[in-house]
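Contents: one structure, followed by commentary.
The values are calculated or read from the model by the stated rules, or taken from the named source; none is laboratory data. Being a predicted model, the structure only gives us computed values, none of them experimental. Neighbour counts are summed over all protein chains in view; Cβ atoms, including those assigned to glycine, are modelled from backbone coordinates with ideal geometry.
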């Protein structure tokens, strides 16, 4: 296994092109949280031609609804939720400059195709390791939809958040490839 | 037989404590299953995941923080001795008050909401309560905070009898295969065979109360558990779906008599963050 590569947001197209399926990455900088309910609102804004609460260009969305922070913490436990639920909302965001997503689980063919077309990348963080992942989150600020509680959009400052490239911008898929490599048939 | 009286305020206190303990401290059987998984996994990335899970468990325990941001819905099993009488507040409300207090004081994420308006209740109530009568004058309480990564990937099917055990086996393995990384593998696979529509789902869930990897007492069922586990681990899905040989830590099967015209089967997937605590009073 290669040593992890350290990268910083925002993600440029040049940086995205360098990332390959299976790369272990330590992510630094600013990322945004959004789950189902927030995605629905972002799409509604796009359909109404209104401005979004943050600039999508070069940005990364983390599919997470963190646990409440204990005193002194930026967030509580904060691991990824299943990404497939965000699939229907994702291509319009990629078309508008979203460059990275962090979640867990397989993406649909439309999303993978849109990542290829728009030069974007999908990272997995370890699902169920929310306590561990929360250590990499140094600051959190709610920037939209406070009424959604855990599903509000937050801006997170992360230092060395450990993720792995599942889908690079060339259509490669670590879930499919990993399974094939270790499957025992017959 | 004398009737034993129990004040439901005690139920509230115990449910609260079990909610906090279950969501922050994994049981030794789960940690042992991680250790075995680490030693058996051949994928380097898979091994790395097992190390992260052990580290995550250590941080959560030492700092008393939620193992996973999804502290689930609180599934509460009550085995109620028939010689018990509850005094004080209504039993269901006493359980829900314990959940309310436990999730607030434990800094656990409130995840329950109205299914129509989708407005979050903010306190993770109500619990899912399963009440079962038992002989004697004890009350046994199990709290199983169940995340929805695994819950969403669970299924019930009512086969006709002709499907046979081969049909059951195929269904269980395919369920895990299709679920892929979503239920946070390495998973524990709860399987209910028999009963009717709701009973097979309930016994699949109840099978998760067993210590991880403890076989069914009936050797025929225990053999099926081993056979299903082999098939699941041959899928190659591996830890977190990134490829590997340990997709499931265990398969637990429970059975119940069924109807001549049916073969109900339920698969309830449980993530690696298997949170479960029990108490007897």
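Checking the condition assigned to a helix (DSSP H, G or I) and either surrounded by fewer than 16 Cβ atoms within 10 Å (Cβ to Cβ) or on the phi > 0 side of the Ramachandran plot (or both), which residue from A:71, A:88 passes?
Numbers: A:71 fails: assigned to a helix (DSSP H, G or I).
A:88 is the lone residue from the list that is assigned to a helix (DSSP H, G or I) and either surrounded by fewer than 16 Cβ atoms within 10 Å (Cβ to Cβ) or on the phi > 0 side of the Ramachandran plot (or both).
Looking only at residues in the stretch B:105-135 that are farther than 21 Å from residue A:81 by Cα and not in a loop (DSSP other than H, G, I, E, B), which one is farthest from the other protein chains (Cβ to nearest Cβ)? Filtering the stretch B:105-135 for residues that are farther than 21 Å from residue A:81 by Cα and not in a loop (DSSP other than H, G, I, E, B), the one farthest from the other protein chains (Cβ to nearest Cβ) comes out as B:133. Residues A:117, A:50: which one is in a loop (DSSP other than H, G, I, E, B), more than 24 Å from residue A:162 (Cα to Cα) and at pLDDT 95 or above? Result: A:50 is the single residue among A:117, A:50 that is in a loop (DSSP other than H, G, I, E, B), more than 24 Å from residue A:162 (Cα to Cα) and at pLDDT 95 or above. Looking at B:74, B:60, B:33, can you tell me which residue is within 30 Å of residue A:1 (Cβ to Cβ), in contact with a strand residue (DSSP E or B) (Cβ under 9 Å, 6 or more places away or on another chain) and crowded, with 16+ Cβ neighbours inside 10 Å? Answer to the check: B:33.
Return the residue satisfying two criteria in turn: it lies in the stretch A:165-182 and is crowded, with 20+ Cβ neighbours inside 10 Å and more than 17 Å from residue B:236 (Cβ to Cβ), and of such residues it is farthest from the other protein chains (Cβ to nearest Cβ).
A:169
Only one of the numbered conditions (1) facing chain A (nearest Cβ under 8 Å); (2) under 29 Å from residue A:71 (Cα atoms); (3) surrounded by fewer than 21 Cβ atoms within 10 Å (Cβ to Cβ) is violated by residue B:42, and that is (2). If you filter the stretch A:1-36 down to residues that are part of a helix (DSSP H, G or I) and in contact with a strand residue (DSSP E or B) (Cβ under 9 Å, 6 or more places away or on another chain), you find that the one that is surrounded by the fewest Cβ atoms within 10 Å (Cβ to Cβ) is A:18. Count of the stretch A:99-114 residues, restricted to those that are closer than 17 Å to residue A:19 by Cα and either assigned to a helix (DSSP H, G or I) or at pLDDT below 95 (or both), is 3. When A:150, A:80, A:162 are screened for being within 29 Å of residue B:176 (Cα to Cα), assigned to a helix (DSSP H, G or I) and either facing chain B (nearest Cβ under 10 Å) or without any contact (Cβ under 8 Å) to a residue 24 or more places away in the chain (or both), only A:150 passes.
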